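Asker: Below you'll find the structure I mean.
Each value in this text was obtained by applying a stated rule to the coordinates, not by laboratory testing. All of these numbers come straight from a predicted model, not from anything done at the bench. Note that each Cβ is placed from the backbone with ideal geometry, even for glycine, and that neighbours are counted across all protein chains shown.
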Amino acid sequence: MSAAPHPPGTVAWHRQGIEAGVLLLARCQVCQAHHYYPSIVCRACGSDKLAAVEASGRGTVYASTVNAGDPGFSVAIVELAEGPRVLTTLAVPDLPIDAPVELFFDDGSQGRRPCFRTAP
Ligand SMILES: [Zn+2]
């Protein structure tokens, strides 16, 4: 997403990506570490040279639990293929640890949010 007017590392930048249907990561230009949530410096090496990249949308279930308020979804931590872990929701409850998942966006009553489902 090269036309993003917000600099990588801001909440507005992150939110803009979600509204556009992409999950943005910041990649450190020094050590190549990827960061999911907005940050103005690399949490691995301290560099402020971060560039925006789109997440592939692929990942695996790192942890999950039942959401008693919405049994159709599970609260989960997904480890992205790029490395960062994302606190998110699974559209398929009871997926085992390490199950492959893919990103989609749920346009619910609370706005668009990144979610994951079983990968084909
Ligand atoms: Zn770095």
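Asker: Each label point is 7 Å from the Cα along the Cα-to-Cβ direction; what then is the distance between the points at GLU19 and ALA63, in nm?
Answerer: So the two model labels end up 3.2 nm from each other.
Asker: What value, in deg cm²/dmol to 500, does the helix sum -39500 (n - 2.57) over DSSP H runs of n ≥ 4 give at 222 nm once divided by the residues of the chain? Intermediate results must be reported in sequence, preceding the final value.
Answerer: Working: 1 runs with 10 residues, N = 120.
It lands at -2500 deg cm²/dmol.
Asker: Right, here's the next one. Under the rule of at least 5 residues apart or a separate chain, name every residue whose amide H is placed under 5 Å from the amide H of LYS49.
Answerer: Here the answer is GLN29, CYS42, since their amide H atoms fall under 5 Å of that of LYS49.
Asker: Net charge near PHE105, counting Lys/Arg +1 and Asp/Glu -1 over other residues with Cβ under 14 Å of its Cβ? Working shown, then result.
Answerer: Details: positive: ARG15, ARG112, ARG113, ARG117; negative: GLU19, GLU54, GLU102, ASP106, ASP107.
Combined, the nearby Lys, Arg, Asp and Glu give -1.
Asker: If amide H atoms are built 1.01 Å from N in the plane of the peptide, which residues on other chains or at least 5 residues away come under 5 Å of the amide H of GLY59?
Answerer: Excluding prolines and chain starts, which carry no amide H, the hits are ALA81, VAL101.
Asker: Counting alpha carbon pairs within less than 8 Å and at least 6 residues apart, what relative contact order, in whole percent, applies to the chain?
Answerer: 19 percent
Asker: Something else now. Just rank ARG15, ARG43, fewest to most, by other beta-carbon atoms within 10 angstrom.
Answerer: On the way: ARG15 15, ARG43 12.
Fewest-to-most Cβ neighbours within 10 Å comes out as ARG43, ARG15.
Asker: Using a 10 angstrom cutoff on alpha carbons, build the Gaussian network for the chain and name the most mobile of GLN16, GLN29, GLN110.
Answerer: Per the Cα network of the chain with a 10 Å cutoff, GLN110 tops the list.
Asker: At a 10 Å Cβ-Cβ cut-off, how would you order THR10, THR60, fewest neighbours first?
Answerer: THR10, THR60
Asker: Which length gain, in nm to one decimal place, applies between GLN29 and ALA81 when the Cα-Cα distance is subtracted from 0.36 nm times their residue separation? If you can, show how the numbers build up before the last one.
Answerer: Working: separation 52, 0.36 × 52 = 18.72 nm, distance 1.82 nm.
Difference between extended and current length: 16.9 nm.
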